[in-house]
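A.B. asks: First the structure, which I've put down as structure tokens, then a few questions once you've had a look.
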Amino acid sequence: MQQPLIKVRGLSKRFGAGCELCLSSTGPDRESNVCPHCGSVVACNDVSFDLYRNEALGIVGESGSGKSTLVRLLHFEWEAGGGTVELHRTAIVPALDEIFTDGADYSANLLGLSPFQKRQVRNALMGIVYQNPFLGLRMQVSSGGNIAERLLGAGWRNIGAMRKRSAELLERTEIPVERMDEPPMNFSGGMQQRVQIAKALSNNPLILFLDEVTTGLDLSVQARVLDLIRSIRSEFNLSLLVVSHDLGVINLLCQRTMVMKYGRVVEAGLTDQILQDPQHRYTQLLVASQL
């Protein structure tokens, strides 16, 4: 039986001081994630799922549902308020053996690692592509320089090797190599997203987070970016966590889907099942709105 690459259980995040009434006063049934008693925002609560090797898992929901917060927690950009994230030991690259020395099948909770250890895990195993390229790229640094920065974090030191790797990735993501020394600020939105993808792939990650990567792009550009993601997923044997409010994107990329509303998962299952026979009222509304 195949083991999950990553196991997430009970992941939670609250913004604000919080009170004992936060959870009972928020959620899909309350139509809000803001506690009326203390004003805290319950961004995620008790989110659990497995992600397998070479699988694409979609997270869908309207703005404020908590899906982007979930990605920030898993990418170690924000501190989680509770829960566990466990990585299957067979998926850990040798460079991380010094972190995980207990010999167990699953590592200890990754959320309990030190900031330095989290950076090691992120640099070795993860890549991310943001909706806003300004979050993922230094716009005034050359495209090759953006990729080199990521390679430095992954332990590369040879300038010639980094430049060669940058050229290979830019070519693979359909950026003309002769523009490698141009900054992303000179590029179109679609090209900026492809530079982000090249940067995210530079450390050969096992997991790639995609946060609304086609939002704001023209339809023809969206199609090219999605085709690129589908081809690189197969080529690089990636596991994808795909955040989107667009069910068309989820349907194209993902085998399984979770639906979030006000920080909670309201439905999860095979993507075909979710789209063709949604069970939760909110999922039904989402599907109906995009028919």
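A.B. asks: Could you say which residue among 179, 194, 172, 157 is within 23 Å of residue 242 (Cα to Cα), among the charged types (D, E, K, R) and surrounded by fewer than 21 Cβ atoms within 10 Å (Cβ to Cβ)?
C.D. replies: 172
A.B. asks: Could you identify the single residue in 272, 246, 277, 218 that is open to solvent by less than 60 Å² (accessible area, probe 1.4 Å), over 15 Å from the mean Cα position of the chain (by Cα) and over 23 Å from residue 87 (Cβ atoms)?
C.D. replies: Answer to the check: 246.
A.B. asks: Which one is surrounded by the most Cβ atoms within 10 Å (Cβ to Cβ), of the residues in the stretch 69-96 that are modelled with pLDDT of 65 or more and in a loop (DSSP other than H, G, I, E, B)?
C.D. replies: 80
A.B. asks: Now for a different question. Which condition does residue 14 not pass, out of (1) assigned to a strand (DSSP E or B); (2) free of Cβ contacts under 8 Å to residues at least 12 places away in the same chain, if it passes all the others?
C.D. replies: Of (1) assigned to a strand (DSSP E or B); (2) free of Cβ contacts under 8 Å to residues at least 12 places away in the same chain, only one is false for residue 14: (2).
A.B. asks: Out of 119, 138, report the one residue that is surrounded by fewer than 16 Cβ atoms within 10 Å (Cβ to Cβ), within 18 Å of residue 208 (Cα to Cα), touching a helix residue (DSSP H, G or I) at 6+ places or on another chain (Cβ under 9 Å) and not aromatic (Phe, Trp, Tyr).
C.D. replies: 119
A.B. asks: Same structure again: Every residue in the stretch 259-277 that is farther than 14 Å from residue 64 by Cα and in contact with an Asp or Glu (Cβ under 7 Å, 6 or more places away or on another chain), please.
C.D. replies: 274
A.B. asks: Then there's this: Please enumerate the residues belonging to the stretch 197-215 that are of a type in the set (Val, Ile, Thr) and crowded, with 19+ Cβ neighbours inside 10 Å.
C.D. replies: Selection gives 197, 207, 213, 214.
A.B. asks: From the residues in the stretch 210-230 that are of a type in the set (A, V, I, L, M) and in a helix (DSSP H, G or I), which one is nearest to residue 172 (Cα to Cα)?
C.D. replies: The residue in question is 228.
A.B. asks: From the list 221, 177, 213, which one is among the β-branched types (Val, Ile, Thr), modelled with pLDDT under 90 and more than 21 Å from residue 77 (Cβ to Cβ)?
C.D. replies: 221
A.B. asks: All but one of (1) in contact with a Leu (Cβ under 9 Å, 6 or more places away or on another chain); (2) closer than 24 Å to residue 74 by Cα; (3) part of a helix (DSSP H, G or I) hold for residue 240; state the number of the condition that does not hold.
C.D. replies: Just one mismatch for residue 240, condition (3).
A.B. asks: In addition: Please determine whether any residue of the stretch 24-43 is under 30 Å from residue 233 (Cα atoms), in contact (Cβ under 8 Å) with a residue 24 or more places away in the chain and surrounded by 14 or more Cβ atoms within 10 Å (Cβ to Cβ).
C.D. replies: Looking through the stretch 24-43, at least one residue is under 30 Å from residue 233 (Cα atoms), in contact (Cβ under 8 Å) with a residue 24 or more places away in the chain and surrounded by 14 or more Cβ atoms within 10 Å (Cβ to Cβ).
A.B. asks: Among (1) without any contact (Cβ under 8 Å) to a residue 40 or more places away in the chain; (2) closer than 14 Å to residue 197 by Cα; (3) surrounded by 15 or more Cβ atoms within 10 Å (Cβ to Cβ), which single condition is residue 163 missing?
C.D. replies: Evaluating residue 163 over (1) without any contact (Cβ under 8 Å) to a residue 40 or more places away in the chain; (2) closer than 14 Å to residue 197 by Cα; (3) surrounded by 15 or more Cβ atoms within 10 Å (Cβ to Cβ) leaves (2) as the failure.
A.B. asks: Kindly indicate whether any position in the stretch 60-68 is crowded, with 18+ Cβ neighbours inside 10 Å, at pLDDT 95 or above and out of contact with any helix residue (DSSP H, G or I) (no Cβ under 9 Å at 6 or more places or on another chain).
C.D. replies: Checked the stretch 60-68: no residue is crowded, with 18+ Cβ neighbours inside 10 Å, at pLDDT 95 or above and out of contact with any helix residue (DSSP H, G or I) (no Cβ under 9 Å at 6 or more places or on another chain).
The values are calculated or read from the model by the stated rules, or taken from the named source; none is laboratory data. Only a predicted model underlies this, so the values are computations on that prediction, with no experimental measurement involved. Heads up, the Cβs are rebuilt from the backbone with ideal geometry, glycines too, and the neighbour counts pull from every protein chain shown. Calculation scope for accessible area: heavy atoms of the full protein, side chains included, ligands and nucleic acids excluded. Shrake-Rupley method; radii C 1.70, N 1.55, O 1.52, S 1.80 Å.
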